[in-house]
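The values are calculated or read from the model by the stated rules, or taken from the named source; none is laboratory data. The shown structure was predicted, so the numbers you read here are calculated from the model rather than taken from an experiment. Here Cβ is always computed from backbone atoms with ideal geometry, including for glycine, and neighbour counts include all displayed protein chains. Surface areas here come from the heavy atoms of the whole protein model, side chains and all, with no ligands, DNA or RNA. Shrake-Rupley method; radii C 1.70, N 1.55, O 1.52, S 1.80 Å.
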Amino acid sequence: MSFYEALLRPSLSSLRAYVPHPVPEGALRFDANESPWALSDDARRAVAEAVAAAPLHRYPDVRATRLRECVAAREGCHPDCLVFGAGSDEVIALIESALSRPREGADAAVIVSPTPGFVMYAVTAATLSLRHVGVALDADWQLDRAAMQRAVDAHRPSVIFLASPNNPTGAAFRDEDLDAVIVGAPESLVILDEAYGDFAAKNYRARFSETGHVGRLQTLSKVGFAAARCGWAVLPRGLASEVDKVRQPYNLSTLSQTVATLALTTLGAEVDAAIVRVQNERERLYKALQNIDGLRVDRSDANFLFVEAPAGEQLFTRLAARGLIVRSFHAQGGRMTHRLRITVGTPEENARLVEGLCASL
């Protein structure tokens, strides 16, 4: 036995390090939910000039002051309600870490989220030795109100994560179901994860207040700035100050802060235009997939489509052989066995995907 094996968290034995599917040279990625469009030349010049002027010999602004002001203005909240991280993944970890004290009589704090859902809620809980409770979505991939309430009553969760639009199903949850969970869990922090909210027809600003128990989670990763690694939570002000205590002092680099601030200001119009292009392509791709025999595609409020296909694992393998990388869920079994998630690409990329699907079925 190695010296360190007795020192590792037991929960790590059930985890694997995140390693994305290898992408051969020339292959097209439809598995990561990134924006398919690179920045324009003018935007790239603006980024280059801003980065060139950044004081790289100094530590980053620990408060991310300029970025904080931009986000607060956008969200209509006090700047002290914000907690920033290197993508929303880190913000999820900060929230779970800060709220990791077990309830009286419990051996671990509990995190609740619907399943299928974003895997990092559960993975982060495991790395922190917290308990994750998944609550299955109903037959329409919507929140099961009764099941959610049973989980709340039985486990008294510290945090409930509700991603709307949901990953991987793509649909936003019904407002009445979200409200039922919020009302039914007054002693839990309910986080409305809006990672894909830019592509939906609604947001959840009205459900947030500085003294309530609802927070919101957002990121720039889906709208053209995945490499910038910038996400944030909007939390009740008192809670935000506590969560900020577990954040590493310089977790958001100067480069990330600079690019993120540009994305929300100077480049805002370009970002908005790219979002509209994704929405338009989503509709075209949806209609094209509907016309392929053997596929069943669900409506989406995100930048991807959730597809049911016969022999999902084999289809995934055939597409990969053609240089088309999609996300398959066959390993999860059950009703996910034949499910694929396909990110919306450019018109040219989507045409190649449709061609590949027709040839592979």
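Observations on the structure shown:
- Of all residues assigned to region 133-141, at least one qualifies as being surrounded by fewer than 20 Cβ atoms within 10 Å (Cβ to Cβ), over 22 Å from Val246 (Cβ atoms), touching a residue at least 24 places away in the same chain (Cβ under 8 Å) and over 14 Å from the mean Cα position of the chain (by Cα).
- Only residues that are touching a helix residue (DSSP H, G or I) at 6+ places or on another chain (Cβ under 7 Å), within 17 Å of Ala171 (Cα to Cα) and of a type outside the set (Val, Ile, Thr) were counted across region 300-328, and they come to 5.
- So Ser35, is it out of contact with any strand residue (DSSP E or B) (no Cβ under 6 Å at 6 or more places or on another chain), small (Gly, Ala, Ser) and open to solvent by 90 Å² or more (accessible area, probe 1.4 Å): no
- Hits in region 132-189 - residues which are of a type in the set (Val, Ile, Thr) and either outside any helix (DSSP H, G or I) or under 26 Å from Phe30 (Cα atoms) (or both): Val133, Val135, Val159, Ile160, Thr169
- Residue in region 32-43 that is assigned to a helix (DSSP H, G or I) and small (Gly, Ala, Ser) present: yes
- Residue count for region 328-343 satisfying the condition of being closer than 15 Å to Val119 by Cβ, in contact with a Phe, Trp or Tyr (Cβ under 8 Å, 6 or more places away or on another chain) and hydrophobic (A, V, I, L, M, F, W, C): 1.
- Scanning region 276-305 for residues that are farther than 18 Å from Pro36 by Cβ and within 20 Å of the chain's Cα centre (by Cα) yields Asp298, Arg299.
- For Ser88: the one exception among (1) of a type in the set (Ser, Thr, Tyr); (2) open to solvent by 60 Å² or more (accessible area, probe 1.4 Å); (3) closer than 16 Å to Arg229 by Cβ: (2)
- Yes/no for Ser97 being among the hydroxyl-bearing types (Ser, Thr, Tyr) and either modelled with pLDDT under 95 or in a strand (DSSP E or B) (or both): no
- Any chance Glu283 is modelled with pLDDT of 95 or more, assigned to a helix (DSSP H, G or I) and closer than 20 Å to Trp141 by Cβ: yes
- Per the listing Tyr59, Tyr18, Tyr4, the residue uniquely over 27 Å from the mean Cα position of the chain (by Cα) and within 30 Å of Val234 (Cβ to Cβ) is Tyr59.
- Residue within region 235-252 that is over 21 Å from Val159 (Cβ atoms), of a type in the set (A, V, I, L, M) and open to solvent by less than 10 Å² (accessible area, probe 1.4 Å) present: yes
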